[in-house]
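Enquirer: One structure coming up, written as structure tokens, with questions to follow.
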């Protein structure tokens, strides 16, 4: 059995090696293998070269690098990684250091125990460390989660968390269109429609970074998230591939 770890990366030269070193050190529960799929979203810094050098220096690890020919966004990078992945389970990992790979097993356990099909890592539940930063950023996150829940009829606490772990067979059959950060509300809207799907949450730590440290999301992504919720819950209701 194998876990595919999807890493969208755009201009992450400061953190990409640190996160890769963390990932390869993690020992997964039930002796699961790891497959690391990095999508370089046409970075303009040294991200690509650093990854290539890391792969050459760590030949024993199953690491795949795919470079987009132009910048398309986080969602588009995830779409490409889904095409390439071969694991039984899949988790999304940002290339920064906001989320801790040592917590993969927390998310895996409900699926390994055959209790869940999808597990979200929530930044707003449990007793894990969370860096204190912007009030309005947290407020908007919680509002967007509330807005999504109204349409999906789920009681998720953190729709926009990076850490979403899926059974791969489920994620592969979902139609995904959003190319930027609206991937989160889109995929949530679509998994909510799958009959009898079992969605769990676990509390995770969160080491947020400031905008001057490389955070890329903006108010425009918040507006797009609201549009996405309405679009895929009310108007565009097709969610599974034929």
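Enquirer: From the list 36, 91, 19, exactly one residue is modelled with pLDDT of 95 or more, under 15 Å from the mean Cα position of the chain (by Cα), surrounded by 15 or more Cβ atoms within 10 Å (Cβ to Cβ) and within 20 Å of residue 187 (Cβ to Cβ). Which is it?
Expert: None of the others qualify; the one that does is 91.
Enquirer: From 58, 30, grab the single residue that is in contact (Cβ under 8 Å) with a residue 40 or more places away in the chain and surrounded by fewer than 18 Cβ atoms within 10 Å (Cβ to Cβ). Can you show your working first?
Expert: Details: 58 fails: in contact (Cβ under 8 Å) with a residue 40 or more places away in the chain.
Within the list 58, 30, the selection yields 30.
Enquirer: I'm checking my understanding of the structure. Among residues of the stretch 172-201 that are closer than 17 Å to residue 122 by Cβ and out of contact with any strand residue (DSSP E or B) (no Cβ under 6 Å at 6 or more places or on another chain), which one is surrounded by the fewest Cβ atoms within 10 Å (Cβ to Cβ)?
Expert: Restricting attention to the stretch 172-201, the residues satisfying the condition of being closer than 17 Å to residue 122 by Cβ are 184-185, 187-188, 191-192, 198-201.
Remaining after also requiring out of contact with any strand residue (DSSP E or B) (no Cβ under 6 Å at 6 or more places or on another chain): 184-185, 187-188, 192, 198.
Details: 184: 25, 185: 28, 187: 24, 188: 26, 192: 20, 198: 14.
Applying the filter and picking the extreme gives 198.
Enquirer: Determine which member of the set 91, 82 is within 20 Å of residue 201 (Cβ to Cβ), in contact with a helix residue (DSSP H, G or I) (Cβ under 7 Å, 6 or more places away or on another chain) and not in a loop (DSSP other than H, G, I, E, B). First the steps, then the outcome.
Expert: Values: 82 fails: within 20 Å of residue 201 (Cβ to Cβ).
Just a single option satisfies the conditions, and that option is 91.
Enquirer: Select, from 50, 65, 108, the only residue that is in contact with a strand residue (DSSP E or B) (Cβ under 8 Å, 6 or more places away or on another chain), in a helix (DSSP H, G or I) and touching a residue at least 24 places away in the same chain (Cβ under 8 Å).
Expert: Details: 50 fails: in contact with a strand residue (DSSP E or B) (Cβ under 8 Å, 6 or more places away or on another chain); 65 fails: in a helix (DSSP H, G or I).
Residue meeting the stated conditions: 108.
Enquirer: Scan the stretch 156-171 for residues that are out of contact with any strand residue (DSSP E or B) (no Cβ under 9 Å at 6 or more places or on another chain) and either closer than 15 Å to residue 6 by Cβ or surrounded by fewer than 18 Cβ atoms within 10 Å (Cβ to Cβ) (or both) and report the count. Write out each step before concluding.
Expert: Quick first cut of the stretch 156-171, residues out of contact with any strand residue (DSSP E or B) (no Cβ under 9 Å at 6 or more places or on another chain) only: 160, 169.
If we keep only those that are either closer than 15 Å to residue 6 by Cβ or surrounded by fewer than 18 Cβ atoms within 10 Å (Cβ to Cβ) (or both) as well, we get 169.
Residues in the stretch 156-171 being out of contact with any strand residue (DSSP E or B) (no Cβ under 9 Å at 6 or more places or on another chain) and either closer than 15 Å to residue 6 by Cβ or surrounded by fewer than 18 Cβ atoms within 10 Å (Cβ to Cβ) (or both): 1 in total.
Enquirer: Here's something else I'd like to know. Can you tell me how many residues in the stretch 155-188 are closer than 15 Å to residue 231 by Cα and more than 15 Å from the chain's Cα centre (by Cα)?
Expert: Total meeting the criteria: 2.
Each row is one residue, and each column tells you yes or no for (1) more than 16 Å from residue 241 (Cβ to Cβ); (2) not in a helix (DSSP H, G or I).
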position: 158; (1), (2): yes, yes
position: 161; (1), (2): yes, yes
position: 166; (1), (2): no, yes
position: 176; (1), (2): no, yes
position: 184; (1), (2): yes, no
position: 188; (1), (2): yes, no
position: 196; (1), (2): yes, yes
position: 201; (1), (2): yes, yes
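Enquirer: Quick check on my filter: what residues within the stretch 122-141 are more than 15 Å from residue 218 (Cα to Cα) and either surrounded by fewer than 14 Cβ atoms within 10 Å (Cβ to Cβ) or at pLDDT below 95 (or both)? Before the answer, list the steps.
Expert: Taking the stretch 122-141 and keeping what is more than 15 Å from residue 218 (Cα to Cα), we get 122-133.
Result: 123, 124, 125, 126, 127, 128, 129, 130, 131, 132, 133.
Enquirer: Still on this structure, please answer the following. Residue 117: under 27 Å from residue 194 (Cα atoms), touching a residue at least 24 places away in the same chain (Cβ under 8 Å) and touching a strand residue (DSSP E or B) at 6+ places or on another chain (Cβ under 7 Å), yes or no?
Expert: Working: under 27 Å from residue 194 (Cα atoms): yes; touching a residue at least 24 places away in the same chain (Cβ under 8 Å): yes; touching a strand residue (DSSP E or B) at 6+ places or on another chain (Cβ under 7 Å): yes.
In short, yes.
Enquirer: Can I ask one more? Would it be correct to say that residue 99 is within 17 Å of the chain's Cα centre (by Cα), assigned to a loop (DSSP other than H, G, I, E, B) and within 27 Å of residue 188 (Cα to Cα)? Step through it out loud before you land on a result.
Expert: Details: within 17 Å of the chain's Cα centre (by Cα): yes; assigned to a loop (DSSP other than H, G, I, E, B): yes; within 27 Å of residue 188 (Cα to Cα): yes.
Here the answer is yes, as residue 99 does meet what is asked.
Enquirer: Can you tell me which of (1) surrounded by fewer than 21 Cβ atoms within 10 Å (Cβ to Cβ); (2) over 24 Å from residue 70 (Cα atoms) is the one residue 217 doesn't meet?
Expert: Among (1) surrounded by fewer than 21 Cβ atoms within 10 Å (Cβ to Cβ); (2) over 24 Å from residue 70 (Cα atoms), residue 217 violates only (2).
The values are calculated or read from the model by the stated rules, or taken from the named source; none is laboratory data. On a predicted model such as this, the values are computed, not experimentally measured, just so you know. Cβ: placed from backbone, ideal geometry, glycine included. Neighbour counts: every protein chain shown.
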